[in-house]
1. Please tell me if A:Val69 is among the aliphatic types (A, V, I, L, M), under 23 Å from the mean Cα position of the chain (by Cα) and under 19 Å from B:His101 (Cβ atoms).
2. Name the one entry in A:Ile99, A:Ile78, A:Ile94 that is in a helix (DSSP H, G or I), outside the structural domain of A:Leu41 (by TED's automatic domain parsing) and open to solvent by less than 80 Å² (accessible area, probe 1.4 Å).
3. What residue, among those in region A:46-58 that are open to solvent by less than 70 Å² (accessible area, probe 1.4 Å), assigned to a helix (DSSP H, G or I) and more than 27 Å from B:Glu84 (Cβ to Cβ), is nearest to the other protein chains (Cβ to nearest Cβ)?
4. Please go through region A:59-72 and pick out each residue that is surrounded by fewer than 17 Cβ atoms within 10 Å (Cβ to Cβ) and either touching a residue at least 24 places away in the same chain (Cβ under 8 Å) or of a type in the set (D, E, K, R) (or both).
5. Restricting to region B:22-44, and then to whatever is open to solvent by 20 Å² or more (accessible area, probe 1.4 Å) and of a type in the set (Gly, Ala, Ser), can you tell me which residue is farthest from the other protein chains (Cβ to nearest Cβ)?
6. Could we say that B:Glu84 is in a helix (DSSP H, G or I) and within 8 Å of chain A (Cβ to nearest Cβ) here?
Protein chains: 2
Amino acid sequence: MDLKQIARDTAKVMVSYLTYQAVRTVLGQLRETNLPRSHWLNAFATREKLQDGEAFLKALLQAQPDLAVRVMTVRQHIVEEIGEFLPEMVNTSIQQSNIEHRRQYLERATQMTLSDTEAQPESENSAE
Amino acid sequence: MDLKQIARDTAKVMVSYLTYQAVRTVLGQLRETNLPRSHWLNAFATREKLQDGEAFLKALLQAQPDLAVRVMTVRQHIVEEIGEFLPEMVNTSIQQSNIEHRRQYLERATQMTLSDTEAQPESENSAE
C-alpha cells in the first residue's frame, strides 16, 4: 500500500472539490449582488470542466480574472476554516459507517440463522 | 457561506474517495494472492457504483462479506495513517497553486502591457 501516493491523490481530489465549493459560494454571492454575472459564471462552470479545479481556474483567469481571484481567495478561506476539523470528521464517519455496515450484516446473518433454527425443530418434531 | 455544511459535504466526499482507494488497495493485494478473486472484485467494482462508497460496501457485504470487511478495515487504516497530514497538504497545495495561477496571469498581463508600450514608441517615432 503506497500511503504517500494515496495521500497525494487524496489531497489533489480535495483541492479540486474545495475549488468546486468555492465556485458554488461565489455563485451564491453573485446571485444576491450581480445576477447577470452569476448567470455568466454558471454558464461558464457548466461549459468548462469543473472536475479539474486547476484547469477551470486557468480558463477563468483568462475570461474573468477578478472572478478567478475571488474563487482562489474563497477556497483558501474554506480550507483555513474547515481543514483542521476534516481528519476527525472523516475518521469518525468511517468508524461509524463501518460499525453500522457490520451491524446490519450481523443482523441479517442472525435472522437467517434464526429462521434456520426455527425451521429445524419442526422437522425434529415431525420426526418424533 | 455555510462552512459547517461545506465541511460535512467535504468529509462525505473524502470518505467515498478513501473507500475507492481501499478497494484499489485490496484489488492490488488480491492480484498477488488470488487472481480469480481480484477479477471478480474488479468486475463487481465496475458494475456497482463506486462513486457512492456506502452503497458499494452495502452491496459488497451481501455478495462477499469478507471482502467488504477487508475494504472497511483498509479504509480505516488509510485514514488513520494519512488523515493528520491532509489539511497541511491541501492548504499548501492551494497556496502554491494560487500563487502559480497569479504569477502566470501577471506574466501574461505584463507581456500584453509590454507589447503595448513597445508598439507605442514606434507610432511616436513615425509621428516625429
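The values are calculated or read from the model by the stated rules, or taken from the named source; none is laboratory data. This one's a predicted model, so the numbers in the text were calculated from it and none came from an experiment. Every residue, glycine as well, gets a Cβ built from its backbone with ideal geometry; the counts of neighbours run over all protein chains shown. Accessible surface is based on the protein model in full, side chains and every heavy atom, while ligands, DNA and RNA are left aside. Shrake-Rupley method; radii C 1.70, N 1.55, O 1.52, S 1.80 Å.
1. Criteria not met by A:Val69.
2. None of the others qualify; the one that does is A:Ile94.
3. Ranking the qualifying residues of region A:46-58, first place goes to A:Leu57.
4. Across region A:59-72, the qualifying residues are A:Gln64, A:Asp66.
5. Filtering region B:22-44 for residues that are open to solvent by 20 Å² or more (accessible area, probe 1.4 Å) and of a type in the set (Gly, Ala, Ser), the one farthest from the other protein chains (Cβ to nearest Cβ) comes out as B:Ala43.
6. Considered against the rule, which asks whether it is in a helix (DSSP H, G or I) and within 8 Å of chain A (Cβ to nearest Cβ), B:Glu84 comes out as yes.
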